[in-house]
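Inspection log for the structure reproduced underneath, given as structure tokens.
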Amino acid sequence: MKYLRQFGIIVLISLLGEILNVLIPFPIPGSVYGLVILLICLMTGILKVSDVRETAAFLIEIMPVMFVPAAVGLLDSWDQLAPVFIPVIVIVVCSTILVMGVTGKVTEVIIHREKRKKHE
Amino acid sequence: MNEIVQNLTFFGAALSIFAYILGLLLKKKFKLAILNPLLIAVICVMAVLLIGHVDYESYNVSAKYISYLLTPATVCLAVPLYEQLSLLKKNLKAVIIGLLSGVFASLTGILVMSKLFHLSHEVYVTLLPKSITTAIGMGVSEELGGIVTITVAAIIITGILGNVIAEFVFAIFKIKEPVARGLALGNASHAIGTAKALELGAVEGAMSSLAVAVAGLVTVVLASGYAHFM
């Protein structure tokens with residue numbers, strides 16, 4: 001019964017997220033609404049982590065595999081991608097490094113500065 | 001072989017899972033960052049399909065059931081995030097400024113490079129949402145008049161690339177704080193980056209999940225403004 005209940009809760013929240021996605025006219029997927037709903041439920045105590053723990057751990061562990069089918073789908077979009085492939089790939093590589101570097105470095109510098117402030 | 005595969009309901013799932021497990025084993029054995037399990041899995045599945053003359057459609061008849069679990073799995077990212085809430089509150093200022101500067105770097109970087117390459121407005125807005133999660137990115141691209149298929153391709157390449165290069169980028173920029181690493185992965189490479197962040201640790205995973213949600217929402221708001229710049 002434990003797993004059934006946990007999976008049931010997660011599927012129900014996914015459904016609620018999906019319904020919000022249909023009702024609210026923003027390009028925000030049901031999964032993001034669902035994440036926020038579950039977070040609110042945990043913060044307000046409506047749900048405890050133990051209500052979903054094992055099933056959540058299982059789904060999160062197998063999550064990387066869920067990206068495989070979409071990525072293999074690149075085979076099918078190749079015809080459309082080919083004419084702009086070079087600029088697209090250069091922009092993708094440069095901007096990914098840029099965003100990762102900027103986000104990480106800015107966060108790190110501020111964390112260190114705040115820590116130093118506290119020590120003074 | 002294509003006709004046989006079309007009628008198999010577990011072919012895509014089994015192939016994807018074992019290709020990923022093979023990737024994990026190779027990574028464990030050789031300990032090279034370039035041997036990224038996801039990248040290996042994708043290459044293996046593509047190779048099997050090409051060698052066996054199996055269409056993507058036939059593979060996806062069964063593989064789609066794995067993708068089906070993506071929504072419930074994303075919902076579950078609330079759990080690691082909830083468990084790190086106190087850490088989030090402690091570093092709130094750094095988190096907010098870090099995330100926003102990353103989103104601005106993303107949009108501005110794409111704008112500047114699109115100008116350098118003299119890309120058309122259509123291709124420019126196609127690329128604008130490349131660092132956010134697929135479902136949001138598709139919506140943004142569609143709304144701005146981009147080519148959705150190419151947006152999806154760019155988003156997936158961005159995810160896998162971020163997954164592969166994260167450790168190099170962290171070494172080059174000397175990024176050591178788990179909070180900073182998690183945000184960087186989620187902001188640059190959305191949910192696929194989060195898979196990598198979870199591999200690095202619980203704090204990284206939680207911060208990356210947060211970044212996916214926030215970067216997605218902020219990009220929805222800012223992208224239509226950026227669309228007018230070119």
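The values are calculated or read from the model by the stated rules, or taken from the named source; none is laboratory data. Note that this is a predicted model, so its numbers are computed, not measured. Using ideal geometry, Cβ is built from the backbone for each residue, glycine included, and neighbour counts are taken over all protein chains shown. For the accessible areas, the whole protein counts, side chains as well, though only heavy atoms, and no ligand, DNA or RNA atoms are used. Shrake-Rupley method; radii C 1.70, N 1.55, O 1.52, S 1.80 Å.
Here r is the Cβ-Cβ distance between B:E83 and A:L23 and R0 is 25 Å; the resulting FRET efficiency, rounded to 0.05, is 0.25. The charge dipole of segment A:1-66, taken about its Cα centre with unit charges on the Cβ of Lys, Arg, Asp and Glu (plus for the first two, minus for the last two), comes to roughly 180 debye. In order along segment B:158-172, the Karplus-derived 3J(HN,Hα) couplings, from 6.51 cos²θ - 1.76 cosθ + 1.60 at θ = phi - 60°, round to 4, x, 5, 4, x, 4, 6, 8, 3, 5, 5, 4, 4, 5, 5 Hz, and Gly and Pro are given as x.
First select every other residue whose beta carbon is under 11 angstrom from the beta carbon of B:N2; then total the charges, Lys and Arg +1, Asp and Glu -1. Here the count lands on -3.
In the protein assembly as shown, the calculated helix contribution to ellipticity at 222 nm averages -27000 deg cm²/dmol per residue, counting -39,500 (n - 2.57) for every DSSP H run with n ≥ 4. Among the trypsin sites (Lys or Arg not before Pro) in segment B:1-64, those located in a DSSP loop and surrounded by at most 10 other Cβ atoms within 10 Å of their own Cβ are B:K31. Database remark: amide H of B:I147 closer than 5 angstrom to the amide H of B:T126 (H placed geometrically; neighbours at sequence offset of 5 or more, or on other chains; Pro and chain starts carry no H).
Restriction of the GluC sites (Glu not before Pro) in segment A:1-98 to DSSP coil positions whose beta-carbon has at most 10 other beta-carbons within 10 angstrom yields no sites. Over 19 Å apart at the Cα level, from the set A:K105/B:K93; B:K89/B:K174; A:K115/B:K196; B:K90/B:K174; B:K27/B:K196, are B:K89/B:K174; A:K115/B:K196; B:K90/B:K174.
Using the Cβ-Cβ distance between B:F10 and B:I43 with R0 set to 22 Å, the FRET efficiency from 1/(1 + (r/R0)^6) comes to roughly 0.55. Among residues other than A:V109 with Cβ under 12 Å from its Cβ, the summed charge is +4 (Lys and Arg +1, Asp and Glu -1). Other residues whose C-beta falls under 12 angstrom from the C-beta of B:S114 contribute a net charge of +1, scoring Lys and Arg +1 and Asp and Glu -1. Averaging sequence separations of C-alpha pairs under 8 Å and six or more residues apart, then dividing by the length of chain B, give the relative contact order as a whole percent. Relative contact order comes out at 20 percent. Cα centroid separation, segment B:120-164 to segment B:1-39: 25 Å. Considering only B:I43, B:A33, B:C76, the residue lying farthest towards the positive end of the dipole of segment B:1-78 is B:A33, judged by Cα position with unit charges set on Cβ. In the assembled protein chains, B:L35 presents an accessible area of approximately 40 Å² (probe radius 1.4 Å). For the pair B:A202 and B:E122, the difference between a 0.36 nm per residue extended length and the Cα-Cα distance amounts to 24.9 nm. Ranking of A:L74, A:L81 by solvent-accessible surface, largest first: A:L74, A:L81 (1.4 Å probe, protein heavy atoms only, all chains present). By the Kirkwood approach, averaging reciprocal distances over each pair of separate Cα atoms, segment B:111-230 gets a hydrodynamic radius of 14.4 Å. Taking only the C-alpha atoms of the protein assembly as shown, Rg followed by Dmax gives 19.7, 71 Å.
Legend: mean number of C-beta atoms from other chains within 10 angstrom of residue C-beta atoms, peptide A:46-55, equals 2.
A dipole drawn for the protein assembly as shown from +1 and -1 charges on Cβ atoms has a positive end, and of A:M100, A:M63, B:F229 the residue lying farthest that way is A:M100.
Within chain B, all pairs of alpha-carbon atoms sorted by distance into 5 Å bins from zero give the percentages 1, 7, 13, 16, 17, 16, 14, 10, 5, 2, 0, 0.
The C-alpha radius of gyration of segment B:93-150, expressed as a fraction of 2.2 N^0.38 Å, stands at 1.20. Placing dummy labels 7 Å off each Cα toward the beta-carbon, the span from A:S50 to B:A171 is 4.4 nm.
Within segment B:1-42, the chymotrypsin sites (Phe, Trp or Tyr not before Pro) that combine a DSSP coil assignment with at most 15 other C-beta atoms in a 10 angstrom radius are B:F10.
Taken residue by residue and averaged, Cβ atoms of other chains lying within 10 Å of the Cβ of A:20-31 number 5.
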